[in-house]
Amino acid sequence: MNSIILKSAAIAFASVAASLLLTLIIVPALGFPVNRTIWLTSTLCPLVLAWVACASTFWQSDRLKNAHRELARAHAQLAAAHRRLSEKASRDDMTGMLNRESFFAALDGSRRKSDRGALLIIDADHFKKINDSFGHLTGDDALLLIASAIERGVRSGDVLGRIGGEEFGAFLVGATEQEAKRVAERIRREVELIRFRPVDERTIPLTVSIGGTVCGEDVNVSELMRAADRRLYQAKHGGRNLTILDTDISEAA
């Protein structure tokens with residue numbers, strides 16, 4: 001407010017000075033004397049009018065600037081909220097991993113950037129038995145332990161998602177067949193090492209079966225899923241707690 005008053009006063013006094021200068025030039029040139037009335041009119045009118053007009057203009061301008069700042073701040077807050085909501089919508093509520101839709105979208109995006117990589121499908125063994133024996137809350141605890149073990153087993157930059165009730169997906173970005181086998185076996189061992197004690201001191205074993213495939217050129221996501229599913233099926237029917245990986249499915253075809 002003080003700055004508005006000062007700026008208005010400066011312009012008002014400049015207007016008075018200009019008005020007096022014109023009065024001293026024009027009025028004598030017209031043959032009239034410069035009397036008290038003319039002096040007062042030349043001084044008070046521009047002083048009042050300029051001050052009021054400038055103060056109003058500066059005040060409106062200041063309000064407009066404040067409104068723009070508030071709008072920019074609100075827009076930034078809205079954008080941040082939208083990012084948080086988008087991130088939340090892309091995540092599984094329980095594990096924090098990508099949900100099924102977001103995982104396959106990320107997998108498709110990675111495939112577009114590079115042909116190299118491997119897809120693993122990781123399924124918890126005998127999970128229905130845990131739910132039936134101890135309840136779904138205990139089953140959720142076991143699932144969180146398995147999810148943490150999977151996160152420990154993958155490499156930095158790999159893409160993880162929960163793609164089913166007790167089924168997880170891992171896309172190993174740029175991995176070769178040997179790297180994929182090492183990661184899959186590391187995940188299997190990490191889960192196997194979990195000491196899960198839902199009641200008393202009795203340890204309930206947790207294991208996973210893993211099926212995977214190395215990405216081939218010009219192979220789409222659906223084909224990768226079918227290949228990995230076949231290997232998971234073999235691991236499940238081969239005794240569970242196994243990892244079975246396909247070779248490059250473009251070569252196998």
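The values are calculated or read from the model by the stated rules, or taken from the named source; none is laboratory data. Since the structure is predicted, the reported quantities are computational estimates derived from the model, not experimental observations. Don't worry about glycine lacking a Cβ; one is built from the backbone with ideal geometry, like all the others, and counts go over all protein chains shown. Remember, those area values only see protein heavy atoms, side chains included, never the ligands or the DNA or RNA. Shrake-Rupley method; radii C 1.70, N 1.55, O 1.52, S 1.80 Å.
In region 189-230, what residues are assigned to a helix (DSSP H, G or I) and buried (at least 22 other Cβ atoms within 10 Å of the Cβ)?
VAL191, LEU224, ALA227, ALA228
Only one residue in LEU144, LEU172, LEU245 is within 25 Å of ALA105 (Cβ to Cβ) and out of contact with any helix residue (DSSP H, G or I) (no Cβ under 7 Å at 6 or more places or on another chain). Which one? Explain how you work it out, then say what you get.
Details: LEU172 fails: out of contact with any helix residue (DSSP H, G or I) (no Cβ under 7 Å at 6 or more places or on another chain); LEU245 fails: out of contact with any helix residue (DSSP H, G or I) (no Cβ under 7 Å at 6 or more places or on another chain).
After applying the criteria, what remains is LEU144.
If I ask for residues that are small (Gly, Ala, Ser) and open to solvent by 50 Å² or more (accessible area, probe 1.4 Å), which ones from region 116-147 would you list?
Residue satisfying the conditions is SER133 alone.
Scan region 233-244 residue by residue and report those that are within 20 Å of GLU179 (Cα to Cα) and surrounded by fewer than 23 Cβ atoms within 10 Å (Cβ to Cβ).
Within region 233-244, ASN241, LEU242, ILE244 meet the criteria.
Looking only at region 153-176, count every residue that is farther than 13 Å from ILE121 by Cα and open to solvent by less than 60 Å² (accessible area, probe 1.4 Å) and tell me the total. Give the derivation first.
Here is the first cut: in region 153-176, the residues farther than 13 Å from ILE121 by Cα are 153, 155-158, 173-176.
With open to solvent by less than 60 Å² (accessible area, probe 1.4 Å) added as a condition, the list becomes 153, 157-158, 174-176.
Selection size over region 153-176: 6.
Out of (1) open to solvent by 60 Å² or more (accessible area, probe 1.4 Å); (2) in contact (Cβ under 8 Å) with a residue 60 or more places away in the chain; (3) of a type in the set (Lys, Arg), the odd one out for ARG111 is which?
Failed condition: (1).
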